[in-house]
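Trainee: Below: one structure in structure tokens.
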Amino acid sequence: MKFLIVGVGAIGSAYLAFLTKAGHDAIGLVKRGRKLNRISVRGIWGEFDTPVKTVEDISLLGSVPDLIILSVKSYDTVSALELIRPVFGKDTLLMIAQNGYGNYEAAVERYGKGRVILARVIFGSRIIEPGAIEITVSADDVVIGDPSGILSEKFLTELADIFTRAGIPTRYEREVYRYLWDKIIYNCALNPLGALLEVNYGTLSENPHTRSLMDRIIYEIFEVTRSAGIETFWKSAEDYKRVFYEKLIPPTAAHFPSMLADIKRGKTEIDALNGAICKLGEKHNVATPVNMVITELVKAKELLNREF
């Protein structure tokens, strides 16, 4: 397979490096002036350094990719989806490896069901410096699947095995959309508060005030998903919260959200997280006051950081 990685940030760099090291034909699309020739990887999945192929202009790709991995920030999703159109061949598939709600839906709207693979990515990667990343944490395998049920399970299982053998533990799951929503809930509860207060996940869990806010964020999300007909693995907010505090946070307690670095740069993915919850709530007549305040606070801090 020929892979094109669009969005060679922390996650995209991991896919480009691991696939290249495993001998696959992988190429990254990078912004002008940011061409990479090598990527150094360290962290929980081992240490290595590998030469990589990148292009700064999609017209220079040379041939149509079999699989495009989209790992841009959610606020760049729409522009990235249009950017790849010239190289999206009749047999090309697209894999959404992003945070938040709305990315998969935007891709399906443009390229159709059965052409888009959804990935729930739940490993942490951070950029140490240009061309160097650290894999910091992995709460579970990457989960891939096709919510439309059109793509064959055999193909998706084989694709998951390609990623696993390359060094990124991955499995196929029919219920991938539920896995995505598990991560959305997790990220909405932790990322904005961690970014605003500049603390790790464990600190948020231990502080009674932030724990109370997270409880309310989770409660509102479950009200929204119930009204919108979105299925999760949990029957209620209380069921989810038990797993959230007892099983999900402890392995990642020392982790700081990537939104912390983003907010310092003045731009985050809040619109695809708590902001998306607010929009879904408005659509289905569900009040989301805590998610709204969190969204506005993050946007306020974004603006302040851009001004200074």
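Trainee: Would you tally the net charge around Val108, using a Cβ to Cβ cut-off of less than 14 Å, leaving Val108 out, and scoring K and R as +1, D and E as -1?
Mentor: 0
Trainee: Another one. Go ahead and collect, in residue order, the members of the range 69-85 whose backbone nitrogen is under 11 Å from a label point 7 Å along the Cα-Cβ direction of Lys31.
Mentor: Taking a point 7 Å out along Cα→Cβ of Lys31, the residues of the range 69-85 whose backbone N falls under 11 Å are 73.
Trainee: Another question about this same structure. Using per-residue counts of other Cβ atoms within 10 Å, averaged over each peptide, order 4-10, 157-163, 70-76, 299-305 from highest down.
Mentor: Top to bottom by mean Cβ count within 10 Å: 4-10, 70-76, 157-163, 299-305.
Trainee: If I fit a long axis through the Cα atoms of helix 208-228 and take the longest principal axis of the Cα atoms of the chain, what angle between them do I get, 0 to 90°, rounded to 10?
Mentor: 70 degrees
Trainee: I would also like to ask the following. What is the antiparallel percent of DSSP beta bridges lying wholly in the chain, to the nearest 5?
Mentor: Expressed as a percentage, antiparallel bridges in the chain total about 35.
Trainee: Share of antiparallel DSSP beta bridges in the range 2-173, in percent to the nearest 5?
Mentor: If I count the DSSP bridges inside the range 2-173, around 35 percent turn out antiparallel.
Trainee: In debye, nearest 20, what is the charge dipole magnitude of the chain about its Cα centre with +1 on Lys and Arg Cβ and -1 on Asp and Glu Cβ, if you could check?
Mentor: 480 debye
Trainee: If a paramagnetic tag sat 7 Å from the Cα of Ile128 along the Cα-Cβ line, which residues of the range 43-60 would have the backbone N under 16 Å from that point?
Mentor: Flagged as within label range: 43-51.
Trainee: For Lys53 paired with Glu206, estimate the spin-label separation in nm (one decimal), with each label point 7 Å from Cα along the Cα-to-Cβ line.
Mentor: In this crude label model, Lys53 to Glu206 measures out at 4.9 nm.
Trainee: Pull out the extension gain between Ala228 and Glu158, defined as 0.36 nm times the separation in residues minus the alpha carbon to alpha carbon distance; nm, one decimal.
Mentor: Taking Ala228 through Glu158 to full extension adds about 21.9 nm, to one decimal.
Trainee: Hey, if you put +1 on the Cβ of every Lys and Arg and -1 on every Asp and Glu Cβ in the chain, which of Leu304, Leu156, Asn285 ends up farthest toward the positive end of that dipole?
Mentor: Leu304
Trainee: Work out, in µm²/s and without decimals, the Stokes-Einstein translational diffusion coefficient of the range 1-100 at 37 °C, 0.692 mPa s, Rh from Kirkwood over C-alpha pairs.
Mentor: Answer from the Stokes-Einstein relation: 241 µm²/s.
Trainee: On to the next question. Rounded to the nearest percent, how much of the accessible area of the chain (1.4 Å probe, protein heavy atoms only) is carbon and sulfur?
Mentor: In the chain, the share of accessible area belonging to carbon and sulfur is 52 percent.
Trainee: How much length, in nm to one decimal, is gained on full extension between Phe308 and Arg38, taken as 0.36 nm per residue of separation minus their Cα-Cα distance?
Mentor: 93.9 nm
Trainee: Something else about it: In the range 2-173, what is the count of Lys pairs whose alpha carbons are under 15 Å apart, counting only pairs at least 8 residues apart or on separate chains?
Mentor: Close lysine pairs found across the range 2-173: 8.
Trainee: Turning to a different aspect of this structure: Once the Cα atoms of helix 10-21 and of the chain are each reduced to a long axis, what angle between those two axes, in degrees from 0 to 90 to the nearest 10, is obtained?
Mentor: 30 degrees
Trainee: Right, another one. Would you grab the residues whose amide H sits under 5 Å from the one on Lys53? Only those 5+ places off in sequence or on another chain, please, with H modelled 1.01 Å from N.
Mentor: Gly28
Trainee: Suppose every K and R has +1 on its Cβ and every D and E has -1 on its Cβ; what is the size of the dipole of the range 98-144 about the Cα centre, in Debye to the nearest 20?
Mentor: Computed charge dipole of the range 98-144: roughly 260 debye.
Trainee: Same structure again: Compute the angle between helix 289-307 and the longest alpha-carbon principal axis of the chain, please, reported from 0 to 90 degrees and rounded to the nearest 10.
Mentor: Rounded to the nearest ten degrees, it is 60.
Trainee: Right, next: Per residue, how much accessible surface does the range 2-173 expose to a 1.4 Å probe? Answer in Å², no decimals.
Mentor: Accessible area per residue: 42 Å².
Trainee: Could I ask something else about it? Ordered by packing density, taken as the mean number of other Cβ atoms within 10 Å over each peptide's residues, highest first, how do 35-47, 181-193, 207-219 rank?
Mentor: For the peptides 35-47, 181-193, 207-219, the packing ranking is 181-193, 207-219, 35-47.
Trainee: Additional query: By the gyration tensor of its Cα atoms, with a ≥ b ≥ c the square roots of the eigenvalues, what is the shape of the range 178-305: rounded for a/c under 1.5, prolate for a/b over b/c, or oblate?
Mentor: Oblate, since a/c reaches 1.5 and b/c is not below a/b.
Trainee: Taking N as the number of residues in the chain, what is its Cα Rg relative to 2.2 N^0.38 Å?
Mentor: Here the answer is 0.97, to two decimals.
The values are calculated or read from the model by the stated rules, or taken from the named source; none is laboratory data. Since the structure is predicted, the reported quantities are computational estimates derived from the model, not experimental observations. A quick note on method: Cβ atoms are made from the backbone with ideal geometry, for glycine too, and the neighbour counts reach across all protein chains shown. Ligands, DNA and RNA are excluded from the accessible area calculation, which covers all protein heavy atoms including side chains. Shrake-Rupley method; radii C 1.70, N 1.55, O 1.52, S 1.80 Å.
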